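Okay, so here's the structure we're looking at.
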Amino acid sequence: MAELIPLTPAGDATPQEPFKEGTCKLHPQTMCPAFGALRVLSRIEGAQPAMITDTGCLYGLTFVTHFYASRKSIIAPALGTAELSGGLVQEAALAAITEAAKEQHVSVIPVLSLCVAETAGLAEELLPTEIDGKPVVLVRVPAYAIHSHPEAKDIALAAVMRRFLDQSAETEPGTLALLGEVFPADPLLIDGVLRKMGGRLMTTLPGRHVDELKLAGRAAAVAAVHPFYRETVSLMRERGVGVVAGAPVGAEGSVAWLRAVGAALDLDEDLVERVAEEEVAVIKGFLASQPLKGATIMLSGYEGNEMLYARLLVEGGAHVPYISTSIGPSMLTAADEAWLKARGTEAIVYRKAIEDDKAAMEHWTFDLVIGTTTLAAHAKELALPAVYYTNILSVRPLFLAAGVMGSLTFVRDLMNRQPLYQRMVDFFAPHASEEQV
């Protein structure tokens, strides 16, 4: 799973065939790409986003910065029909950037260009690269070009890193940059294991401060623990930084990843092997109980890390015949896909739609459904235990021994709730019949 990888191809691999022949895929399961870009950019201390889009998109996306990101306002021009038809997009963008520069404690102004601005002809070369000494970074995230919000996180991060990465910085031996929007405890756990091996964690990306982006340029290697940071990986490779693919998930994934990191950082092989074996011994001790043995689980999400969680479920004894994700296939997803298919996964659907997931529920009988809110609601109507992947499972520790034990224990508890779902269905069934009459 974990290995040094060549450059990621610029485009997706061969598009995935629909899961079920003849299915009309009208409902892709992802959010506006600007959602992901805003999560990354607005969390940077001192960043004041300026968004160039129509008023409808602005209305919806202000929710992101106030709730999901950092309770930070977006500065944006009022672009309605009159402004768009009058060719005033460029002027409106400049006015928004100028206004953003007036805010206090601004260190960077990310300018997000969405569908309307792109189709209206926003010209990058006519935008300032700096205003009042404050860097301006254009981030293009139109939904017709970027097909999922995880991949927009990558586009946004790569854009600001190109501006702030110190190309002349000297590499610090034994240091690793972690690339992935991970649970806060995971970097601490990884750093603890790295220090036992003679290395250390330099920084975690996407960062919360511009200085963290600069630090990444001094790392000896970068670990892309989430498989959709393709632009950022390419950027680091341009600088000559070694890239470690995969993630320390489960027993097999953890030992392979620790060995690959040790090789990338040129650490003592014997020490790396000893530390890796100690960590994996704890994981195997827990997995020996096979906490999910006999369970058939469906995993569907739009975070881009679904296959990592599926690996944990499989090592815990579960059968995971179907996985779907909103991201596209690439060389960063290939190893996990091969591992899962070799262990009983029959279908992995990229760029999935709700129609794919519902077809899978007709094809297999699941004991637990982990998916989007839409899918979870559908499963509960069928008396199946179901949970929203993003807010319930994806926000928990994932890596190394702590991730294995925490995640699998939680999933086992979810499966034990099946009688509650059946009681709900039985309770509402008479009322549903009355409504139909």
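The values are calculated or read from the model by the stated rules, or taken from the named source; none is laboratory data. Treat the numbers as computed from the prediction; the structure is a model and nothing was measured. Note that we place each Cβ from the backbone using ideal geometry, even for glycine, and neighbour counts take in every protein chain shown. Accessible surface is based on the protein model in full, side chains and every heavy atom, while ligands, DNA and RNA are left aside. Shrake-Rupley method; radii C 1.70, N 1.55, O 1.52, S 1.80 Å.
Values computed for the structure shown
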read-out: Positions within the range 109-142 being closer than 11 Å to A93 by Cα and in a helix (DSSP H, G or I), in sequence order; value: A117, E124, L126
read-out: Subset of the range 278-294 (residues that are farther than 13 Å from G250 by Cα and either among the aromatic types (F, W, Y) or at pLDDT 95 or above (or both)); value: E278
read-out: Top-ranked residue in the range 134-170 [being touching a residue at least 60 places away in the same chain (Cβ under 8 Å) and of a type in the set (S, T, N, Q); ranked as surrounded by the fewest Cβ atoms within 10 Å (Cβ to Cβ)]; value: Q167
read-out: All positions within the range 199-219 that are open to solvent by 20 Å² or more (accessible area, probe 1.4 Å), under 16 Å from G174 (Cβ atoms) and either modelled with pLDDT under 90 or of a type in the set (S, T, Y) (or both); value: L215
read-out: Any chance P173 is over 28 Å from V395 (Cβ atoms) and assigned to a strand (DSSP E or B); value: yes
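For every residue, the table says whether it meets (1) modelled with pLDDT of 90 or more; (2) within 18 Å of the chain's Cα centre (by Cα).
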{"site": "L332", "(1), (2)": "yes, yes"}
{"site": "I348", "(1), (2)": "yes, yes"}
{"site": "H363", "(1), (2)": "yes, no"}
{"site": "T373", "(1), (2)": "no, yes"}
{"site": "N391", "(1), (2)": "no, yes"}
{"site": "M405", "(1), (2)": "yes, no"}
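Yes or no, residue by residue, for (1) among the acidic types (D, E); (2) in contact (Cβ under 8 Å) with a residue 12 or more places away in the chain; (3) surrounded by fewer than 24 Cβ atoms within 10 Å (Cβ to Cβ):
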| position | (1), (2), (3) |
| --- | --- |
| D191 | yes, no, yes |
| R195 | no, no, yes |
| A247 | no, yes, no |
| A251 | no, yes, yes |
